[in-house]
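Enquirer: Here's a structure for you.
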Amino acid sequence: MRKFAVLWLWFLAALVSPASAEVLDGIFDPPYKKPTELARGSELRGALFDKLRAKTKKEVLFEGSLKAYRNWALFTGRTVDREGKSVTHPPHANDDAVGLWIRTRDGWTVVDYSFGHSDVFYLIWVEQYGVPKELLGMGGN
C-alpha cells in the first residue's frame with residue numbers, strides 16, 4: 001500500500017511539473033500564460049461585457065482594464081454612458097465597477113461583480129473564489 005501511495009504522489013507531481021505545463025495550457029481558452037488585456041473590439045471582450053451589463057443599467061458602457069488569465073477574467077474600471085460621462089451607482093454614488101468571470105464547460109459565467117463600491121474589496125476573491133493572485137496584480141503564490 002505504501003508503494004502505491006508513493007507512486008500516486010509521484011504521478012500527481014508529474015502532472016503539475018513545469019515539464020508538463022504545456023499539456024495543461026491546452027485546457028485554457030484563451031491560453032494566456034500571464035494576465036493579458038483583452039483587445040478593445042475583441043469578440044470575447046464584448047461577450048464578457050454583455051454578461052456584466054445584464055447585472056446593471058442596460059445602457060452603460062465599461063471603461064477600464066479587462067484581463068484574462070487561465071479560465072478567469074477580471075474587469076476593473078468604471079461605468080460610462082455613450083458620451084463617456086460617468087454613470088453612478090449606489091451606495092457611494094460613484095462609477096466604480098468590477099466584474100469577475102470564470103470559463104466553465106458551459107462558457108463564461110459572471111462569478112461576482114460590484115458597482116459604486118468605494119475600495120478594492122475584491123482582493124478577497126483570491127480566498128473567496130480561488131482567483132489567481134496574478135490576475136489581481138498580487139504576484140504569484
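The values are calculated or read from the model by the stated rules, or taken from the named source; none is laboratory data. Keep in mind it's a predicted model, so treat the numbers as computed, not measured. Quick note on the areas: whole protein, heavy atoms, side chains included, nothing else; ligands and nucleic acids left out. Shrake-Rupley method; radii C 1.70, N 1.55, O 1.52, S 1.80 Å.
Enquirer: Report in % the part of the accessible area of the stretch 18-134 that belongs to carbon and sulfur, leaving out ligands and nucleic acids; probe 1.4 Å.
Expert: Carbon-and-sulfur percentage of accessible area, whole number: 53.
Enquirer: Still on this model: Give me the extension gain from Ala47 to Thr104: residue separation times 0.36 nm, minus the current Cα-Cα distance, reported in nm with one decimal.
Expert: 19.1 nm
Enquirer: Can you give me the accessible area per residue for the stretch 58-141, using a 1.4 Å probe, in Å²?
Expert: It amounts to 53 Å² per residue over the stretch 58-141.
Enquirer: Extension gain Glu63-His92, at 0.36 nm per residue separation less the Cα-Cα distance, in nm?
Expert: Net length gain for the segment: 8.6 nm.
Enquirer: Can you sort Phe121, Phe115 by solvent-accessible area, 1.4 Å probe, largest first?
Expert: Phe121, Phe115
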